[in-house]
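A.B. asks: So that we are looking at the same thing, I have put the structure below in structure tokens.
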Amino acid sequence: MTQVLAWGGFLVLVLVLLAVDLGVFNRKAHVIRAREAARWSFITMVLAGLFAGLIYTHNLPTDIVGGPKAALDFITGYLIELALSVDNIFVFVLIFNYFAVPAKYQHRVLFWGVLGALVMRGVMIGAGAVLLERFEWIIYIFGAFLVFTGVRMAMQKGVDFEPESNPALKLVRRFLPVSGDYDGKHFFTRETIEGRVRRVATPLFVVLILVETTDLIFAVDSIPAIFGVTRDPFIVFTSNVFAILCLRSLYFMLASVIDRFHYLKLGLSVVLVFIGGKMLATIVHVHVDTLVSLLVVAGVLLGSVALSLLRPAPDTEDNPNAIGADEPPALPGEAGDVSADELKRRAQGG
């Protein structure tokens, strides 16, 4: 009964946060500036810290014996998930630029993207927990996969973004007609063609589909990574959720300057290889303490960010959107919009 109350209480908390976000702070579509995004990021991080405190004091049930150990697992998992979710921002920027999404509607896309991500990750975490409980050797497959992914990420020179090859987008275009222009904040609208009125998806819905599938792809990396820290489904899910809740506001903080952190991908690849190696090391009965994992992950991520700022890439040294600029940086979609004909082609395909 206590477990049910804990899960139910946490889900209620998440729904309340989302309701306050959409119903109070973002009732009207507007451009989210860095200060507003920073405030919401701070709130979600503080809530994550308070939640870790509840776990520490044994006020939340877990499958792990000992409050301090469980709290440390949560913090480590949260940091890993938050860092890996930041990698999504690189792709989100490309998506919003490609479809010239007006800046004031980007929050709506990310809000509904969060809801979809919560459902998908919940299903994936549940499946992963069941598989690990029944087949212990799957942890080695997860470890090998993370090592492979980390090495591949380190070797990539840029972000792969090919919307035309996205199978989910192809499916949407096959069964749903797509309009060639936005209709405000709406995902669907009505179009009159030869005297007939039909309901069609807008390019904003196309963007939502791409955001959802992007998160699904990244979840394939991040969820096995946190299972390398803890097997407790409650800690895995809650740390994931807090990271996702923070991701939306981090996007509006970092979207215009994300290219400055050019060593972050290398840092993330090191984290994936480390967690994967930690999983594989259990084959020879070598277990890495969670505190050591936390220190390594935090050190690598902070080091990659610091190195990026100390050694900026040549093409970002004179970036007008750099941190510390006098004017607030422009979000993707505010400048460089594509033509109406080009937007129509990108939304409808062909």
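The values are calculated or read from the model by the stated rules, or taken from the named source; none is laboratory data. What you see is a predicted model, and the numbers here were worked out from it, not measured in a lab. Methodologically, a virtual Cβ is constructed for each residue, glycine included, from the backbone with ideal geometry; neighbour enumeration extends over all protein chains shown.
A.B. asks: Does at least one position in region 313-320 carry a residue that is at pLDDT 85 or above and in a helix (DSSP H, G or I)?
C.D. replies: Within region 313-320, the subset at pLDDT 85 or above is none.
So far as region 313-320 goes, no, none of its residues is at pLDDT 85 or above and in a helix (DSSP H, G or I).
A.B. asks: Right, Phe188: among the aromatic types (Phe, Trp, Tyr), modelled with pLDDT under 85 and farther than 17 Å from Phe96 by Cα or not?
C.D. replies: no
A.B. asks: If you go through region 192-199 one residue at a time, do you hit one that is closer than 21 Å to Ala347 by Cβ, small (Gly, Ala, Ser) and modelled with pLDDT under 90? Working first, answer last.
C.D. replies: To start, the set of residues in region 192-199 that are closer than 21 Å to Ala347 by Cβ comprises 192-194, 196-199.
Next cut, small (Gly, Ala, Ser) only: none.
The answer is no, given that none of the residues of region 192-199 is closer than 21 Å to Ala347 by Cβ, small (Gly, Ala, Ser) and modelled with pLDDT under 90.
A.B. asks: Which of (1) farther than 19 Å from Ile226 by Cα; (2) touching a residue at least 24 places away in the same chain (Cβ under 8 Å); (3) out of contact with any Leu (no Cβ under 6 Å at 6 or more places or on another chain) does Val270 not meet, given it meets every other one?
C.D. replies: Looking at each condition in turn, Val270 falls short on (1).
A.B. asks: Turning to a different aspect of this structure: Within the set of pairs 6+ apart or on separate chains, which have a first residue in region 163-189 that is in contact (Cβ under 8 Å) with a residue 12 or more places away in the chain, a second that is among the basic types (Lys, Arg), and C-beta atoms under 8 Å apart?
C.D. replies: Matching pairs, first to second residue: Pro163/Arg346; Pro177/Arg198; Gly180/Lys344; Asp181/Lys344; Lys185/Arg108; Phe188/Arg199; Thr189/Arg199.
A.B. asks: Here's a follow-up. State all residues of region 21-61 that are modelled with pLDDT under 80, of a type in the set (A, V, I, L, M) and under 24 Å from Phe234 (Cα atoms); if no residue qualifies, say none.
C.D. replies: Leu60
A.B. asks: Identify, please: which residue in region 282-314 is in contact (Cβ under 8 Å) with a residue 12 or more places away in the chain and of a type in the set (Val, Ile, Thr) and is, among those, surrounded by the fewest Cβ atoms within 10 Å (Cβ to Cβ)?
C.D. replies: The qualifying residue surrounded by the fewest Cβ atoms within 10 Å (Cβ to Cβ) is Ile283.
A.B. asks: Taking into account only those residues within region 80-124 that are within 30 Å of Lys278 (Cα to Cα), within 11 Å of the chain's Cα centre (by Cα) and of a type in the set (Gly, Ala, Ser), which is surrounded by the most Cβ atoms within 10 Å (Cβ to Cβ)?
C.D. replies: Top of the filtered list is Ala117.
A.B. asks: Output the residues belonging to region 168-187 that are of a type in the set (Phe, Trp, Tyr) and surrounded by 11 or more Cβ atoms within 10 Å (Cβ to Cβ).
C.D. replies: Residues satisfying the conditions are Tyr182, Phe187.
A.B. asks: Give region 130-167 a look and list any residue that's in a helix (DSSP H, G or I), surrounded by fewer than 13 Cβ atoms within 10 Å (Cβ to Cβ) and under 23 Å from the mean Cα position of the chain (by Cα), or say none.
C.D. replies: Arg152, Met155, Glu164, Ser165, Pro167
A.B. asks: Here's another thing I want to ask about it. May I ask you to say which residue of Val229, Val257, Val197 is buried (at least 18 other Cβ atoms within 10 Å of the Cβ) and of a type in the set (A, V, I, L, M, F, W, C)?
C.D. replies: Val229
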